[in-house]
1. Per DSSP helix of 4 or more residues, -39500 (n - 2.57); summed, then divided by the residues of the chain. What does that give at 222 nm, rounded to the nearest 500?
2. On C-alpha positions alone, give me the angle between the axis of helix 455-481 and the longest principal axis of the chain, in degrees, nearest 10.
3. List the residues, sorted by chain then number, that are 5 or more residues from Thr418 or on another chain and whose placed amide H is less than 5 Å from its amide H.
4. Report, in degrees rounded to the nearest 10, the 0 to 90 angle that the Cα long axis of helix 432-449 makes with the longest principal axis of the chain.
5. What are the ³J(HN,Hα) couplings of the range 131-147, residue after residue, when phi is run through the Karplus curve with 6.51, -1.76, 1.60 and θ = phi - 60°? Round to Hz, x for glycine and proline.
6. Do any chymotrypsin sites (Phe, Trp or Tyr not before Pro) in the range 340-404 lie in a DSSP loop with no more than 12 other beta carbon atoms within 10 Å, and if so, which?
7. Between exposed GluC sites (Glu not before Pro) in the chain, where DSSP calls loop and at most 15 other Cβ atoms lie within 10 Å, what's the longest gap?
8. Output ³J(HN,Hα) for the range 159-167: one whole-Hz value per residue in order, computed from phi by the Karplus curve 6.51 cos²θ - 1.76 cosθ + 1.60 with θ = phi - 60°, and x for Gly and Pro.
Amino acid sequence: MITEAPIPATDIDLHDEPQSFWTRYIFSTDHKVISKQYLLTGMAWAVIGGGASMLIRLQLGFPAARLGWLRPLLGHYVSETGQLTPDSYLGLVTMHGAIMMFFVLTAGLSGTFSNLLIPLQIGARDMASGFINMLSYWFFFAASAVMLSVFFIATGPPEGGWVVYPPLSALPQAAGGSGLGMTFYLLAFALFVISTLLGGINYIATVINYRTRGMSMLRLPLTVWAFLFTAIIATIAFPVLLSAFLLLFFDHSLGTSFFLSEIYIGGQALPETGGAAILYQHLFWFLGHPEVYIIFLPALGITSEVIATMSRKPIFGYLAMIISMAAIVFLSFVVWAHHMFVSGMNPFLGSIFMLLTLIIAVPSAIKGFNYITTLWRGNIIFSPAMLFAIGVVSFLFTGGVTGIVLGNSVLDIQLHDTYFVVAHFHLIMGSASFFGTMAGIYHWYPKMFGRLMNATWGAVHFWLTFVGVYLVFFPMHYLGIAGFPRRYYSFSTYDFTHSFTDLNQFISVAAFVTFGAQFIFLFNFFWSMFRGKYAPQNPWKSNTLEWTTPIVPLHGNWPGELPLVYRWPYDYSKPGAIDDFIPQTVPLAATPESNLPHEQEQVRIETSEGVLVGTPSSIGDRP
């Protein structure tokens, strides 16, 4: 039965509105242009954040290496003796984590694909508010400019890790980077949170109010469901982070003591009393763990679409996938304290958070097994997007299993702040989300630029990255079990770590190769933009609405009327169908040979409403 969804009051063709260069490409309100702005900014941050990680690995793998040749580029980060200074190392660790988690895998991933796909896949002209959408990007750009400036402050970036725990981050005299660098860091995040909230509210409003006729909630692609749930998490959780950072700024710059009490520096007692550093941890991790799913859910949504399309099969368990994402949204807000098992938490309270943490593995496993079932006996097309999507499924299991280990409070106490934790979250959150981003770029590149990326170079990029990621992070589990602590500047000081010197060097070399492989992608991305093969309108023979627009949609997306939706988005290889895909815009009355018994009522409704039957449809070469 056609379920009419709300649509904008006007249904006019907007694609011919005259625009200047500034309004078309810089201060654009077109969701597709804004998605490209997020993408290019996120890619720039990925190079910067990845470069910081290479310096970290260079120090860990080769602590005696002389880096004087990098001094013209890195300046005060390298000492006169040619070595990375301890303060610089800790600053790079902080900046790498913040950049990759927030500026690349939050804004870069969600900002790109939520903007690109939500209007196109729900049949809308644009976002609910194009102006707010533009503001969202420019607040992100302002946050990026402030965060980038932190690298150039004479005293360096903050040195407390991306979590910036007080008191180290709250006292300017505690460390070099705790001064002006910390002030700029907090300002950058305030701007970032404003950007995220503006975008999230816009995404939610668009999905709820701007779906085209026939696009009921249960006809939405799983990508849109994932972006919707991500926006809901972000709008709830990020204000709490902003409050934590605001109070931290007060402690840092205005002399308050929300998080400070009975602190001694150089033998001198500080006047701040009455605060509690543990309060900051609760506020931070109330965002910190939902942030994992703010990063991960969009990658899973992209994976769902790519796997179904490239397997030529309906996604297995569509409703179960939606319910599992809803369960993840709820549970993500009640597990934050599993990051605090070693903070002196009451063991009974710790057991409750442990139980909730283990429960959240259930909806995650549902998604993983549904992906495997969708792949089973499918007519798989191993495009670069499909390879990266399968990589996401791989990391979902290998990284998820170690999450169960760390969710057990007894084991976590032993493994907390070791390289086991680094390996876990880099697989399940960092690598899986990065691979989801790559899958999305390869898959929707034709819709963004009208050309195809080179598939051969895409496959080379995948295999070097996939193998490299496992060579980098899998050995870290053994380092963590052996007791290697994270964030240490050098392991050459301790006898018990000397036996792992060779393994650290191996990890570093693998990291260098993996990082180098990303330049294959960058070359392919920009070369294909100008020299790539021109894409047909629907290169992947997909069912969703974005492939019914012109090859590169102009402002307004569809010339003329908005499309009508008659079916769900996963009618692939339907028994009896002439082709192995049936777009959402094809009436059931036009496909009597493949209709299921429960769809006959829909056919009667379409016929009574005057739907034209027997006309050539958009199903490829259908007669």
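All of the numbers you see were taken from the coordinates with simple rules; none came from a lab. None of the values given here were measured: they were computed from a predicted structure. Heads up, the Cβs are rebuilt from the backbone with ideal geometry, glycines too, and the neighbour counts pull from every protein chain shown.
1. Estimated from H runs of four or more residues: -19000 deg cm²/dmol.
2. With rounding to tens, the tilt is 40 degrees.
3. Arg486
4. Helix 432-449 sits roughly 40 degrees off the main axis of the chain.
5. Residue by residue, the range 131-147 yields 5, 5, 4, 4, 4, 4, 5, 6, 5, 5, 4, 4, 4, 5, 5, 5, 5 Hz.
6. Trp376, Phe382
7. Result, exposed sites excluded: 263-560.
8. Computed from phi, the couplings for the range 159-167 are 10, x, x, 5, 7, 6, 5, x, x Hz.
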